[in-house]
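The values are calculated or read from the model by the stated rules, or taken from the named source; none is laboratory data. Treat the numbers as computed from the prediction; the structure is a model and nothing was measured. Note that we place each Cβ from the backbone using ideal geometry, even for glycine, and neighbour counts take in every protein chain shown.
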């Protein structure tokens, strides 16, 4: 299935609603949508497909389609340390293992377009608190040119998946999040931490945001907590309501998109107190009562809709 496209349906009110069903074009030339719950497939029209632009790869693909340019991929050599972190250059520790990593960069043909992407990313990123807009391109003062941040393909052991992480997350967006006044920082858009489909997760951005959230727990919007847990910000969606009741009753979550369960596992590992605040705002359980609730339920059990275990948070 395409990483960039999802099915759009028309609800009873006549409004367009983007679903979580991924869309792909098969050899018959038709667009097929795969139901995320059942796996059943059906044909969809071109106007019932939406581009998911909230991850690094899809934003860059859209920019290249609009302005033209080149996408460059290479396999670079380096070393991996005991923490699983890859670096280039000379070996820093005798125990570090020689390894390689796929790295992706891109170049837009038009200089003005590169400037637009860079400056708009910084301006709109700060204005909307969508810091992921800053992780595409940067100005290189030494050459006077605009260059893309590298996307590095890493294996996320916790989530057991491959994903691309932008160098811009540590070099730009995480630094900007850290500058935020605490209460505003707690309100940062979830897409600054994870992509709309949950496939991409920024540990660097979450580490900084988590400190702001812990210091200002009352300022995390409910819609953000809903998205962190289920991938749906609506307070009235069936998935949000069902999981809220289930979590309150038994500490169990059943998620349509397993990526969000994997991300909760990472959040729990990186900053447990921040993850508890997310669960508190999502469930309506007072943060002061969360430890007691988790003790009573034996922690958080996260499964997919087929009942397969994704993670157990204890």
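Structure notes:
- Here the condition is being within 15 Å of the chain's Cα centre (by Cα), surrounded by fewer than 20 Cβ atoms within 10 Å (Cβ to Cβ) and in contact (Cβ under 8 Å) with a residue 40 or more places away in the chain; of 207, 225, it holds for 207 alone.
- Of the residues making up segment 118-130, those that are within 20 Å of the chain's Cα centre (by Cα) and either without any contact (Cβ under 8 Å) to a residue 60 or more places away in the chain or part of a helix (DSSP H, G or I) (or both) are 121, 122, 124, 125, 126, 127, 128.
- When the criteria are applied in full, residue 20 fails the requirement of being outside any strand (DSSP E or B), at pLDDT below 80 and under 23 Å from the mean Cα position of the chain (by Cα).
- When residues of segment 154-173 are limited to those that are touching a residue at least 40 places away in the same chain (Cβ under 8 Å) and crowded, with 24+ Cβ neighbours inside 10 Å, the one farthest from residue 206 (Cα to Cα): 166
- Taking every residue in segment 51-73 that is crowded, with 20+ Cβ neighbours inside 10 Å and pairing it with any residue that is at pLDDT 90 or above and assigned to a helix (DSSP H, G or I), at least 6 positions away or on another chain, the pairs with Cβ-Cβ distances below 7 Å are 56/135; 63/117.
- Residues being part of a strand (DSSP E or B), buried (at least 18 other Cβ atoms within 10 Å of the Cβ) and either within 21 Å of the chain's Cα centre (by Cα) or touching a residue at least 60 places away in the same chain (Cβ under 8 Å) (or both) - total across segment 139-153: 2
- Residue count for segment 199-231, restricted to those that are more than 14 Å from residue 264 (Cβ to Cβ) and either outside any helix (DSSP H, G or I) or out of contact with any helix residue (DSSP H, G or I) (no Cβ under 7 Å at 6 or more places or on another chain) (or both): 9.
- Tally, over segment 76-109, of residues that are under 21 Å from residue 163 (Cα atoms) and either in a loop (DSSP other than H, G, I, E, B) or in contact with a helix residue (DSSP H, G or I) (Cβ under 6 Å, 6 or more places away or on another chain) (or both): 7
- Only one of 249, 263, 259 that is within 17 Å of residue 312 (Cα to Cα), over 19 Å from the mean Cα position of the chain (by Cα) and part of a helix (DSSP H, G or I): 249
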